[in-house]
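This report concerns only the one structure given below.
Just so it is clear, none of the values below were taken in a lab; they were calculated from the coordinates. This is a predicted model, so every value here is computed, not measured. Glycine also receives a Cβ, built like all others from the backbone with ideal geometry; neighbour counts cover every protein chain displayed.
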Amino acid sequence: MKRIAIQGAVGSFHDIAAHQYFNNEQIQLICCSTFEQVFENIKRDPTVIGMLAIENTIAGSLLHNYELLRDSSTTIVGEHKLHIEHSICCLPEDSWDTVREVHSHPVALMQCRGFLANHPALKAVEAEDTAGAAELIARQQCRGWAAICNAAAAKLYGMKILQESIEDNKHNFTRFLVVSNPNKADFLRPLETVNKASLVFSLPHEEGSLSQVLSILYFYKINLTKIQSLPIIGHEWEYMFYVDVTFNNLTRYRQSIDAIMPLTKELKVLGEYKDDGKQTDIQYQAC
């Protein structure tokens, strides 16, 4: 049985992503309130695997998670892309006439701004988690409160769904990373399947330093799929660059890393793993 640390409650999108990624495997969830706790669980027990959201097609990158990943001793061993659909739910005794507040994670609230704008009487309240908001309302029997979460979580906690698919953009996907202790990496992803890597580095404050790195990657036929810059605290106008690359030849990829290393500062390979080209719709059964 694999033990998976996630941010959020049972029924959350992290839960769904974990069950889909480890399909047909027995897993035990470790539900955490914060992403910091996810990494703390892995540090405390090297057998624990982490699942964390890293970017969304609407909300963009989760910048804090990049920093947590860089500062941790974990490595990325996989990724999973999940289609995100939101529903609004309440206690069975409530209805549109009685609901006054809607609780959810701030990102979920942002992804449903159009829906909320059409219901100005609803007060939006931020919560730690989508499914956690539904669980709290059900457990404490909070009359007049609603939650925005996925439909599976609503059913899991015995909530009544008032409306499904309330997200503004129907092409809403979140990319999750699977992380582990480096000593466990080869057991979780066969090296022969690796065709993607995530890197982080800083550069000398010199003209053309980034273009030199990109030119070398191009020379080795390494495909750049994402680049994200974050400021280095205490160093004005200097940045850390988080880069995702894909490749068809592991040897050429390793050669490209050796070639760019002298041009960078603090180069770190965050993980080497298999690209998840597919994007998955929610199919979830409660544990």
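Here Cα extents along the principal axes in Å was calculated from the structure, and among (1) 97, 35, 32; (2) 65, 43, 32; (3) 67, 52, 31 it sits at label (2).
Going from the fewest other Cβ atoms within 10 Å to the most, the residues Thr130, Thr57, Thr193 appear in the order Thr193, Thr57, Thr130. Taking Ile232, Ile58, Ile76 in turn, the Gaussian network model of the chain (Cα-Cα springs below 10 Å) assigns the largest fluctuation to Ile232.
Where does each of Asp258, Asp168 land when they are ranked from fewest to most other beta-carbon atoms within 10 angstrom?
Working: Asp258 10, Asp168 15.
Lowest to highest Cβ neighbour count: Asp258, Asp168.
Taking the chain as a Gaussian network of alpha-carbon nodes connected by springs under 10 Å, the highest mean-square fluctuation of the residues Ala108, Ala117, Ala146 belongs to Ala117.
Under a point-charge model restricted to the Cβ atoms of Lys and Arg (+1) and Asp and Glu (-1), what is the dipole moment magnitude of the chain relative to its Cα centre, in debye to the nearest 20?
Values: 26 positive and 34 negative charges, 112 e Å.
Roughly 540 debye, rounded to the nearest 20.
Between the beta carbons of Lys43 and Arg254, assuming R0 = 35 Å, the FRET efficiency works out to 0.80 to the nearest 0.05.
Note on Leu69, Leu29, Leu122, Leu191: ascending count of other Cβ atoms within 10 Å places them as Leu191, Leu122, Leu29, Leu69, the fewest first.
Model label points for Ala121 and Thr57, set 7 angstrom from Cα along the Cα-to-Cβ axis, are 3.4 nm apart. Most fluctuating residue of Gly208, Gly50, Gly271 in a GNM of the chain with Cα springs under 10 Å: which is it? Maximum among the listed residues: Gly208. Between Lys226 and Thr246, the simple spin-label model (points 7 angstrom out along Cα→Cβ) gives 1.3 nm.
What number do you get for region 195-273 when its Cα radius of gyration is normalised by 2.2 N^0.38 Å, N = residues? Can you show the working numbers first?
Values: Rg = 12.2 Å, N = 79, 2.2 N^0.38 = 11.6 Å.
For region 195-273, the normalised Cα radius of gyration is 1.05.
Dipole of region 131-270 computed with +1 at Lys/Arg Cβ and -1 at Asp/Glu Cβ about the Cα centre; of Leu214, Thr174, Thr225, farthest Cα towards the positive end is Thr174.
Each Cα pair under 8 Å and six or more residues apart adds its sequence gap; the mean of these over the residue count of region 195-273 is a relative contact order of 51 percent.
The relative contact order of the chain, computed from alpha carbon pairs under 8 Å that lie at least 6 residues apart in sequence, is 24 percent.
Note on Asp186 and Arg113: the model spin-label points, each 7 Å out from Cα along the C-beta direction, lie 4.8 nm apart.
Averaging Cα coordinates gives a centre for region 12-60 and one for region 78-94; these two points are 17 Å apart.
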